[in-house]
């Protein structure tokens with residue numbers, strides 16, 4: 001790692017918004033360090049900017065700590081310029097029903113909060129020194145479901161994302177002392193593997209009358225990490241086509 005490329009660490013990188021975000025940062029010449037449960041897609045393994053990938057289950061606290069150690073070893077004394085907390089889980093019942101407050105077991109709630117809330121917190125703390133060296137930024141991927149009742153996102157997912165929105169504000173204040181900015185991006189209905197045919201019914205509630213693309217979320221994440229946004233912290237950007245206005 002002898003060149004002067006900026007470095008981003010991103011979780012949940014193998015598909016969807018995470019994969020699109022990796023491609024955006026790579027296209028801008030950043031060095032990419034990622035982790036997810038799956039391996040890097042075969043077509044991306046030749047990307048010279050995607051230098052490191054760690055296969056890890058971030059729902060397990062010990063695995064998160066292990067990844068922090070490995071990531072800091074990869075960085076050495078070099079700076080980290082961005083941390084993107086993208087990995088998340090939104091479980092459904094065996095019949096693909098919404099898990100609510102009454103029909104979801106508490107163990108599942110704890111698993112959801114472990115990945116969606118505690119993992120971003122622990123990663124931010126574990127990588128704080130590297131972020132300080134880079135005067136970098138953190139971007140948390142939240143959700144429109146954290147701000148209004150969603151017909152398909154379960155209660156555990158929605159409340160974990162609401163908690164992540166609040167954590168973003170708290171981190172922004174504390175990390176400002178380190179010269180590190182913290183913001184969030186809240187996607188709405190984005191065309192990923194998480195979206196089924198039932199989501200078509202939500203399009204009339206979107207002022208732009210379409211679902212978003214992962215690349216559009218990735219663009220918002222990237223912009224929050226560049227110098228043009230150097231005075232922006234504690235902010236949540238809605239990438240919803242206007243759906244959050246209802």
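Given the rule -39500 (n - 2.57) for each run of at least 4 DSSP H residues, summed and divided by the residues of the chain, what is its mean residue ellipticity at 222 nm, to the nearest 500 deg cm²/dmol?
Using -39500 (n - 2.57) per qualifying helix, the result is -10500 deg cm²/dmol.
For region 7-245, what relative contact order do you get, as a whole percent, if you take Cα pairs closer than 8 Å and at least 6 residues apart?
Reported as a whole number, the value is 20 percent.
Set the Förster distance to 30 Å, then compute FRET efficiency between residue 169 and residue 103 from the Cβ-Cβ distance, nearest 0.05.
Step by step, r from the Cβ atoms, then E = 0.45.
Using Cβ counts within 10 Å as a stand-in for footprinting exposure, how do 246, 157, 199 rank, fewest first?
246, 199, 157
Fewest first, what order do 240, 7, 93 take by the number of other Cβ atoms within 10 Å? Before the final figure, lay out the partial values.
Numbers: 240 21, 7 25, 93 13.
Final ranking by Cβ density, sparse to dense: 93, 240, 7.
Quickly rank 228-239, 106-117 as a protection proxy: mean count of other C-beta atoms within 10 Å, highest first.
Top of the packing list down: 106-117, 228-239.
Rounded to the nearest 0.05, what FRET efficiency do residue 15 and residue 125 give with R0 = 25 Å and r taken as the Cβ-Cβ distance? Could you check?
0.40
Sorted by average packing, counted as other Cβ atoms within 10 angstrom per residue and highest first, what order do 45-56, 142-153 take?
142-153, 45-56
Express the C-alpha Rg of region 118-238 as a ratio against the empirical globular expectation 2.2 N^0.38 Å, rounded to two decimals.
1.13
Please work out the Cα center distance from region 22-95 to region 160-184, rounded to the nearest Å.
Going from one Cα centre to the other spans 20 Å.
Divide the volume of the convex hull of the Cα atoms of region 7-245 by its number of residues and quote the answer in cubic angstrom per residue.
It is 123 Å³ per residue.
Taking 0.36 nm per intervening residue step and subtracting the Cα-Cα distance, what contour gain separates residue 38 from residue 78 on full extension? Let's see the in-between values first.
Details: separation 40, 0.36 × 40 = 14.40 nm, distance 2.68 nm.
Between residue 38 and residue 78, full extension yields an extra 11.7 nm.
Nearest 5 percent is fine: what portion of the DSSP beta bridges confined to the chain is antiparallel? Display every interim value, and only then the final one.
Values: 1 of 28 bridges.
Taking every DSSP beta bridge with both residues in the chain, the antiparallel ones total about 5 percent.
In degrees from 0 to 90, rounded to the nearest 10, what is the angle of the helix 61-75 Cα long axis to the longest principal axis of the chain?
The answer is roughly 40 degrees.
Where a number appears in this text, it was derived from the coordinates with a stated rule and is not lab data. Predicted, not measured: the structure shown is a model, and the values here were computed from it. Every residue, glycine as well, gets a Cβ built from its backbone with ideal geometry; the counts of neighbours run over all protein chains shown.
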